Amino acid sequence: MINNKLPFKTPDHYFENFALQMDKKTAPPQTINFRRRKSWFYAAAVIAAVTVLGGARYYTTQKEDQKRYADNYESYVLSQVDESSMIDYYINNNN
Amino acid sequence: MSIESFRGKNKHAAFSQLVRLYQERLYWHIRKMVLNHDDANDLLQNTFMKAWNGIDNFRGESQLSTWLYKIATNETLTFLSSKRNNNTLPIDQMEGNMLQNLQADAFFDGDEAQLKLQKAILSLPEKQRLVFNMRFYEEMPYEQMSDILGTSVGALKASYHHAYKKIESSLMEDERNMLN
């Protein structure tokens, strides 16, 4: 006598998991919440601006310092030489 | 469930409900044909993804259940045909392999008698196997089977009757051989 009981089984919780899997596969794509992201963008932009401006300021200051240092050094050197030595120097170099 | 449920922003929620409503029936419909759980799982996913992609164009010419069964049936038959072509085995040898794998399958829950029955069912041509499974295991009305398979009720009744006799004869032959 043939009976119609199926001789197959499934893994535990198969159908619950399958349905959840299909939910994920057919879920609509997530839209980015721009309102929340806006504040992060602003913060990132401010940090970037400060870095760039700060870097430019530092570079400029360095250059100014170098020039001031060079000027100071020249003044210093000149202050160590008396006038007659300077005159001799110019006369000798022009010849 | 009406077709309107699948229009607009409720589409996903409605489809989620549809999956939960039909997943078991479709799974067992497929599984009875392919025998193996992993194959049945893949085909079930394909079935529902095709349904998801096609539901916008579904106009309700048939019932939702009929439409889903058609997709599942086509997926299954295509799979079996492709498996046969890829293996380049004689027809009966593929079924032999399926039966051998079934014996070793962790998700086969049957005894020796059940194995013999599956062997007998596997000996049927695919379409006839489908008819037998739908009528014998699912007790599906012939009218519904006719809608799904696109075959007349008369032809289905004849097909089922022949399949039943063939299986009965095969099982009796097995029993005689055991006694001898």
From the list A:Leu20, A:Leu6, which residue is on the phi < 0 side of the Ramachandran plot, modelled with pLDDT of 75 or more and part of a helix (DSSP H, G or I)?
-> A:Leu20
Return only the number of the condition from (1) within 19 Å of B:Tyr27 (Cα to Cα); (2) modelled with pLDDT under 95 that B:Gly60 does not satisfy.
-> (1)
So which residues in region B:143-162 are assigned to a helix (DSSP H, G or I), over 20 Å from B:Leu64 (Cβ atoms) and of a type outside the set (Gly, Ala, Ser), if there are any at all?
-> B:Val153, B:Leu156, B:Lys157, B:Tyr160, B:His161, B:His162
Quick one: which of B:Leu43, B:Leu26 is over 21 Å from B:Gln103 (Cα atoms), within 19 Å of the chain's Cα centre (by Cα) and away from chain A (no Cβ under 11 Å)?
-> B:Leu43
Taking only pairs six or more apart or across chains, which ones have beta-carbon atoms under 7 Å, a first residue in region B:153-170 that is charged (D, E, K, R), and a second residue that is surrounded by 14 or more Cβ atoms within 10 Å (Cβ to Cβ) and part of a helix (DSSP H, G or I)?
-> B:Lys157/B:Tyr142
Residue count for region B:31-88, restricted to those that are surrounded by fewer than 19 Cβ atoms within 10 Å (Cβ to Cβ), of a type in the set (Phe, Trp, Tyr) and part of a helix (DSSP H, G or I) = 3
Assuming B:Ala14 fulfils every condition listed in (1) closer than 27 Å to B:Glu126 by Cβ; (2) of a type in the set (A, V, I, L, M); (3) within 11 Å of chain A (Cβ to nearest Cβ) apart from one, which condition is it?
-> (1)
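The values are calculated or read from the model by the stated rules, or taken from the named source; none is laboratory data. Worth saying up front: this structure is predicted, and the values here are computed from it rather than measured. Glycine gets a Cβ as well: all are built from the backbone with ideal geometry, and neighbour counts include every protein chain shown.
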